[in-house]
1. For region 43-129, with only Lys/Arg (+1) and Asp/Glu (-1) charged at the beta-carbon, what is the dipole magnitude about the Cα centre, in debye rounded to 20?
2. Scan region 29-86 for trypsin sites (Lys or Arg not before Pro) in coil per DSSP, keeping those whose Cβ has at most 12 other Cβ atoms within 10 Å, and list them by number.
3. To the nearest 0.05, what FRET efficiency results for ASP122 and PHE93 with a Förster distance of 25 Å applied to their C-beta separation?
4. Equivalent ellipsoid semi-axes for region 43-129, as square roots of 5 times the alpha carbon gyration tensor eigenvalues: give them largest first, rounded to whole Å.
5. For VAL103, what is the net charge nearby, where nearby means another residue's Cβ is under 12 Å from its Cβ and Lys, Arg count +1, Asp, Glu -1?
6. Of the peptides 69-75, 100-106, how do they stack up when ordered by the mean number of other Cβ atoms within 10 Å, highest first?
7. Enumerate the amide H contacts of THR69 below 5 Å, restricted to partners 5 or more residues apart or on another chain; note that Pro and chain-start residues carry no placed amide H.
8. Under a crude label model (7 Å from the Cα following the beta-carbon direction), how far is ALA24 from ASN54 in nanometres?
Amino acid sequence: MKKKDVPQDESGLEKDSIKEICYAVDEKGDYTTIKSTGWDPKTIALDNALQEINERINDAKARVLNGETSPVEYYMERHKMDIGILASYVGKFQWQVKRHFKVKTFNNLSHKMLEKYADVFDISVEQLKDINYGN
């Protein structure tokens, strides 16, 4: 693809001022790199993925507010983690992290465990306990 033909379609990447590097042929016929904001098929896939992530975050938030799950699940979704990643960060087994999604179990966690979660999510323990904290 020639340098002038590299797609610059609007995308979710552009909103975050992120551009990807593409290889193209310059005027001399040499390969070079050029920044691209994306192209339509990739933009559609990216937008669909981001929409799904946002739905998962909103669903988790609603479940927390309804007392159906703990804030751990909400922050896990918000930070685009899965149970395996979160478990490795806090030094627990996956089944233990899943247990911490239960409101009753979460409410009985030690301050030390709450601090581990708060550190992973880069928030305070108060924010961890109350997802509306500071809003």
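1. Computed charge dipole of region 43-129: roughly 480 debye.
2. Here the trypsin sites (Lys or Arg not before Pro) that fit, given the DSSP loop and packing criteria, are LYS80.
3. 0.65
4. For region 43-129, the ellipsoid semi-axes come out as 23, 14, 12 Å.
5. +3
6. In decreasing order of mean packing, 69-75, 100-106 become 69-75, 100-106.
7. Here the answer is VAL64, since their amide H atoms fall under 5 Å of that of THR69.
8. Label at ALA24, label at ASN54, 2.9 nm between them.
Rule-based calculations on the coordinates, nothing more; no lab input. Everything quoted here is computed from the prediction, not taken from an experiment. Positions of Cβ are generated from backbone atoms using ideal geometry, with glycine treated the same way; all protein chains shown enter the neighbour counts.
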